[in-house]
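The structure appears right after this line, and notes come after that.
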Amino acid sequence: MSPSHNECLAEAATLPDFWRCYVLDGAEDELKAKAIELTEDTLGEPEVHFPIGPSWFLSLKLQLWSLGDDTHVLSLADVWLPEGTDSKIEEGNHHADSEHRLGHWDLMHAQPFCLRWEELEAVVATMRAAPDIQQTTPELAMLLLSRFVGHSADERHLVKPRREMLAHELEQLGVFRGKKAKAMARRLLCGPPDRDYRWVWDGSGWMLGGEYPHYSQRNLCYSFPHEEYNEFRRLIGLADPAAKTPPI
């Protein structure tokens, strides 16, 4: 029996080259050569699902070989349950009825910053509470999803301790140690993309942006799925703020 995508991903995550490809660390030709080897020998072309409750999951599509456009895409997906299944997501039974694109990484025009740190923590906590339906471990999910966390300028002081947490997880995984773990954590978790970037709540959703808003799709320049995402936030235990913050 051939290994599942879950098993392939778990194996790939123990390889330093997987993480170097994931954070796009290297020259394009070098990354393509490593990616081809990974996808042919170990990983394949997986789509990782992070099931959250009875109605939603996050979907991360990994296309390591496609460096120029949409290399890694994070989406929020509605769950469709086959007839005869109950409202609980069971492993292998969740399928995307519709998907809402949140962010992406590539070497052309990345717009990755679509998660708040509190949302990442809440997703990981929700996964830990329902281990039987997960495709990967909460710890690996934290490392993968941290790549999509956006920071505002006033959160700059929080980036270092958060990177230290990720470095610890990389060491626990056994893939990097010491300075190499810290260096990879710096690549996984970015600081504020500009000095004027900040998170604001405008009543319809959390938005991230600045004078140049295009490092994120989570602002008024893009059709971010705020209504669906706010429902997802409530599902992972995050309440809406009581009041609006000043606009970007």
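The values are calculated or read from the model by the stated rules, or taken from the named source; none is laboratory data. As the structure is a computational prediction, the values presented were derived from the model and not from experiment. Because the Cβ atoms are built from the backbone with ideal geometry, glycine has one as well, and the counts that use them run over all protein chains shown. Ligands, DNA and RNA are stripped out before the accessible areas are found, and what is left, the full protein with its side chains, is counted by its heavy atoms. Shrake-Rupley method; radii C 1.70, N 1.55, O 1.52, S 1.80 Å.
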Exercise. Count the net charge of all other residues whose Cβ sits under 11 Å from the Cβ of C114, scoring Lys and Arg as +1 and Asp and Glu as -1.
Key: +3
Practice problem: Note down the accessible area of T39, probe 1.4 Å, to the nearest 10 Å². | Solution: 30 Å²
Quiz item: Between Rg and the Kirkwood Rh of segment 136-179, both from Cα atoms, what is the Rg to Rh ratio?
Solution: 1.01
Quiz item: Arranged from highest to lowest average of other beta-carbon atoms within 10 Å per residue, in what order do the peptides 26-38, 202-214 appear?
Solution: 202-214, 26-38
Practice problem: Taking only protein heavy atoms into account and a 1.4 Å probe, give the accessible area per residue of segment 105-214 in Å². | Solution: 45 Å²
Quiz item: By how many nm would the segment from D202 to S223 lengthen if fully extended, with 0.36 nm per residue of separation less the alpha-carbon distance?
Solution: 6.1 nm
Quiz item: Can you tell me the Rg and the Dmax, both Å, for the Cα atoms in segment 101-248?
Solution: 15.6, 44
Exercise. At a temperature of 25 °C and a viscosity of 0.890 mPa s, determine how fast segment 105-159 diffuses translationally according to Stokes-Einstein, using the Kirkwood radius over alpha-carbon pairs as Rh; express D in µm²/s, rounded to the nearest whole number.
Key: 197 µm²/s
Quiz item: Of K61/K179; K32/K180; K160/K182, which ones are farther than 19 Å apart at the Cα?
Solution: K61/K179; K32/K180
Practice problem: Can you sort D106, D240 by 1.4 Å-probe accessible area, starting with the largest? | Solution: D240, D106
Practice problem: Please work out how much length the chain gains when fully extended from E11 to A129, using 0.36 nm per residue of separation minus the C-alpha to C-alpha distance, in nm with one decimal. | Solution: 40.1 nm
